[in-house]
Amino acid sequence: MPFDTLGQAVVDALAGMGITEPTDPQKDAIPRIQKGENVLVVAPTGIGKTESAMLPIFDSIYSTNSGEGIRCIYITPLRALNRDMLRRMSDLGSKLGITVGVRHGDTPAAERQRQSKNPPQILITTPETLQVMFTGKNLRSAMKRVQWVVVDEIHELAGNERGAQLAVALERLTLLCGEFQRIGLSATVGNLEEVRDYLAGAGRKVSLCKHDSFRDFSIKVECPVPKEEDAALQDKLQADPDILAVMKRARELIDSVTSALFFVNTRETAEWLASRYLMWDEKYPIGVHHGSLSKEHRTETEDAFKTQKLKALICTSSLELGIDIGSADLVLQYNSPRQVARMTQRAGRAGHRVGGKIRAEILATAPDEIAEAMVVARRCEEKLMEHGAGRPSPLSVLANQLVAMTMTGAIDADRAFALIKRSYPFKDLERSVFDATVEQLKSIRILLEYDGSLKRSRKGMEYFYSNISMIPDEKIYLVRDIGSRAVIGTLDENFVATLEESEALFIAKGRTWRVIEERENELLVEEAKTVGNVPAWEGSDIPVPFEVAMEVGHLRRVRDYGRYPGDKAAVERIDGYFSGQTEKWTMPDDRTVTIETGDRLAIINCCFGSRVNETLAKIVSALLMARIGESIGLTTDAYRIIIQLPRSIDRRVVRDTFLSIRPGTVEALCKLSILNSSQLKWRFVNIAKKFGIIEKGADRRYINYGRLFDLHKDTPAYNDAFNMVIWEDLDVPDTETVVRLISEGKIKVVEQGISDIGLEGITRTKELMQPARADHAILAAMKKRLESEVLYATCLSCKNQRRVVVGQSPKKFVCPKCGGYMIALLKDYERDEIADFAKPDRDAKGKNTDKRIVKNANLVNSYGGKAAIVLAGRGIGPEVAARILMKMHVDEDDLLRDIMAAEVRYARTKRFWD
């Protein structure tokens, strides 16, 4: 009998919803939960994980029907997931007479009051809202009846501060209701033991229900190829040819299905792409969804997508977790998703039903992106998830929870210590560290202590309500439409600080907005039909794991493309990239590091991933600065460390510095390299807020951060910031592995000049906007781009045209057909203008075109190849080029800066709709 362990009422309710047969995870988990076991359910998205946990809970609540109170707390990491769970559970609850509610930061005050007076039997909430629930008298009373806690997408919490806060909260919950059943749900778990221990806490057992073979994967990597006929559209959208090719292919795929989700790695990219699609076709049914948009906009967008009013959504991780977007039958990913777990989550949004095949396409054009995407896709098919351990004993969470425990009365310090140690993240917490944290909180009068009992102060109460979330604080500005008064979204303080000029422009919700007025906590804006800047939000970057980067290195070395799901164009692109490297230079791979030096530039090519390369970069830069006595610039990605030097130095200095890192010294060198780093100071500022050292909303203009940092050295807050940098920003264990392999000769180090692969790290702009500071490395990349542009040398006498690569331009242009010297260099979309050049019947517009072509030819005649590189700039016509060329430039960098400034001005002033 289907669902034979459930009561008839639940079985009938499920049948009315069209559910008659349990899935494999449900067959496994339901009996275990009915026996009272703690359970971790790991299974692909769309095969009933939620129901495997909730069906036995609904059945038990229905059969006992024993009065009021909250019987089950269902915790999710995202508010969007809360809304989805409410819809799904309410359908079943209404058939059984079981009340279901949702409570989070967006819940209206009236609804919160209703829940407090008459709590639902099943409450869906977030980790942060659970913290607040402990403080309400009625809710505390209602929670005394809790029998089950379900933690959905548990892998998103196990291993970070939010998760540590929740783990302590679950132990605190046992003080109210005694032991309860713990159920964890996840589609992607790399380290099962770590997550299982996190769910259990001390002294409990958790059964594992793992099912990973139910759904088929179809993840392909495509490399869209630019087409010459797209030049006019490229100019209109102000997009690189490769990016436009991705947009066109994505649109073809979107149009071929009912609806699709288009994932990108950052909010900036989401806004940029959405704005360009609307520039292309204002009526195209595509929306944008990310965490910095307002609740109203997110909800409206989700509903429009579910009802197919929108054909596609460009989204970030805000739609990555668990939300059932029922109509999505295709997932697109722009560029590599960086991580296997992330791609598995995103791909799971497609075919979101039992038996549905996961169909996903990764679109990438840059060689590094293609190779990485192919590796991630292969590892997804092999289910090779990343393993990650959480930072042990995060003291900012300890401080937060110590104050939280005192919100409803005094608590004995010994009892608080024992309770906190029962949670997995704090299992190794030492009493001396606990006592030092208490003393620091007492020193700023957030905690009080009398006879061994901890009590809150008035300042402590203010601290608690200001620091409910463990997400790092960044002042948020509301963005409000001055016309409708509607809130469009939010911007981080750091981005708002960059909007210095009056009527500054930026992009949000896929459209450009002009700042009309900046107030204390909000910006008043109006829509503008010009190109704006894309906001920068905190936490956008996704690190590439060590294992993924090393496999990319392996692919570079053996080139066994048959193992990887890349299309013909993708394979040809990376094979040409690899071949071009090996023809002239040594290939950096999983067994080779290359150190490349050029003019004020050194590039260490190493396939070790984001955090290992960041660790090596910190150490190398500190040692190098000590050696040469001058500051250096530093940039890293998953495959290289780019060092900008103040002057050219002997290449042996860089090599010897790199090789001076010996096995067993990595952690000590890391600690020395970050002692006074801006990274540590930035981390300390955020930790100081979580400790209550800096009050929330404090005006930064009146805080001496340097003195504050120095005053708190060797305190728990300082040590916590230090450990956060070591654990979360760097990767000491894998770096130690790399250093050992180099010392054993298993990874060799080769010196050479700047190679194509080295320059690719500078050339490749992962995000789509111009960098704010044009340093030498960026200008070198820009020069490479300009030199690869194609112009058409057009003779004004005989109208002969020939294709010219800018980097191969002669010093003097001469027509090979008639010997004429009046040669104009035209972009592809200008080529046809020569057909009517100098005709006697030209109208006013035509005569202006003729004047522009003549001015172009005069510049080429006067400046030759130098004119070519200027005219290759985006949006640079002969008038702007003349102003640039007539200036007295100190050096080539000076010229390139002028070209970059002209390109940025063009991007800011060109109209979306002419």
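The values are calculated or read from the model by the stated rules, or taken from the named source; none is laboratory data. Everything quoted here is computed from the prediction, not taken from an experiment. FYI the Cβ positions are ideal-geometry reconstructions off the backbone, even for glycines, and counts take in every protein chain you see. The accessibility values were calculated without ligands, DNA or RNA, using every heavy atom of the protein model including side chains. Shrake-Rupley method; radii C 1.70, N 1.55, O 1.52, S 1.80 Å.
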Worksheet item: Which of the GluC sites (Glu not before Pro) across the stretch 577-682 are loop residues per DSSP, with 13 or fewer other Cβ within 10 Å?
Response: Glu630
Fill in: Tensor-based shape of the stretch 175-215 (alpha-carbon gyration tensor, a/c under 1.5 rounded, otherwise prolate or oblate)
prolate
Worksheet item: Mind listing which trypsin sites (Lys or Arg not before Pro) in the stretch 1-102 are in a DSSP loop and have 14 or fewer other Cβ atoms within 10 Å?
Response: Lys35
Item to complete: Using only protein heavy atoms and a 1.4 Å probe, report how much of Arg415 is accessible, in Å² to the nearest 10.
Response: 140 Å²
Item to complete: Using a 1.4 Å probe and counting only protein heavy atoms, arrange Arg662, Arg162, Arg740 so the residue with the most accessible area comes first.
Response: Arg662, Arg740, Arg162
Worksheet item: Using a cut-off of 24 Å between alpha-carbon atoms, which lysines can reach Lys746, once sequence neighbours fewer than 8 places away in the same chain are excluded?
Response: Lys584, Lys618
Discussion item. Between 0 and 90 degrees, rounded to the nearest ten: what's the tilt of helix 24-34 against the longest Cα principal axis of the chain?
Written reply: 30 degrees
Discussion item. I need the GluC sites (Glu not before Pro) found in the stretch 126-231, filtered to DSSP loop residues with at most 12 other beta carbons within 10 Å of theirs.
Written reply: Glu179
Worksheet item: Per residue, how much accessible area does the chain show when a 1.4 Å probe rolls over the protein heavy atoms, in square angstrom?
Response: 41 Å²
Item to complete: Taking the chain as the reference, fit the longest principal axis to its C-alpha atoms, fit the long axis of helix 546-558 to the helix C-alpha atoms, and give the angle between the two in degrees, 0 to 90, nearest 10.
Response: 40 degrees
Worksheet entry | Fraction of accessible area attributable to carbon and sulfur, the chain (%, probe 1.4 Å) | 48 percent
Worksheet item: Lys/Arg Cβ at +1, Asp/Glu Cβ at -1, dipole of the chain taken about the Cα centre: which of Val100, Ala882, His290 is farthest positive-ward?
Response: Ala882
Discussion item. Can you classify the stretch 553-705 as rounded, prolate or oblate using the Cα gyration tensor, where a ≥ b ≥ c are the square roots of its eigenvalues, rounded means a/c under 1.5, and otherwise it's prolate if a/b beats b/c and oblate if not?
Written reply: prolate
Worksheet item: What whole-number value in cubic angstrom gives the convex hull volume per residue for the C-alpha atoms of the stretch 237-316?
Response: 85 Å³
Fill in: Cross-link table Lys95/Lys205; Lys220/Lys283; Lys421/Lys455, entries beyond 26 Å C-alpha to C-alpha
Lys95/Lys205; Lys220/Lys283
Fill in: Counting all C-alpha pairs of the stretch 625-701, share separated by more than 22 Å (%)
44 percent
Item to complete: Give the cross-link partners of Lys696 among the aspartates and glutamates, using a straight C-alpha distance below 20 Å as the criterion and excluding same-chain residues fewer than 8 apart.
Response: Glu128, Glu161, Glu462, Asp473, Glu474, Asp492, Glu493, Glu520, Glu522, Glu538, Asp720
Worksheet entry | Size descriptor, Kirkwood hydrodynamic radius, that averages inverse alpha-carbon separations across the stretch 448-491, Å | 13.9 Å
Worksheet item: Which value results when the Cα radius of gyration for the stretch 65-212 is divided by 2.2 N^0.38 Å?
Response: 1.01
Practice prompt. Calculate how large, on average over all directions, the projected area of the Cα convex hull of the chain is; give the answer in nm² to one decimal.
Written response: 40.7 nm²
Worksheet, complete the sentence: In this structure, among Lys442/Lys671; Lys144/Lys306; Lys783/Lys839, pairs with alpha-carbon gaps over 32 Å are Lys144/Lys306; Lys783/Lys839
Worksheet item: Can you give the calculated 222 nm mean residue ellipticity of the chain, where each DSSP H run of n ≥ 4 adds -39,500 (n - 2.57) and the sum is split over every residue, rounded to the nearest 500 deg cm²/dmol?
Response: -13500 deg cm²/dmol
Item to complete: Can you tell me the 0 to 90 degree angle between the C-alpha axis of helix 241-255 and the longest principal axis of the chain, rounded to 10?
Response: 50 degrees
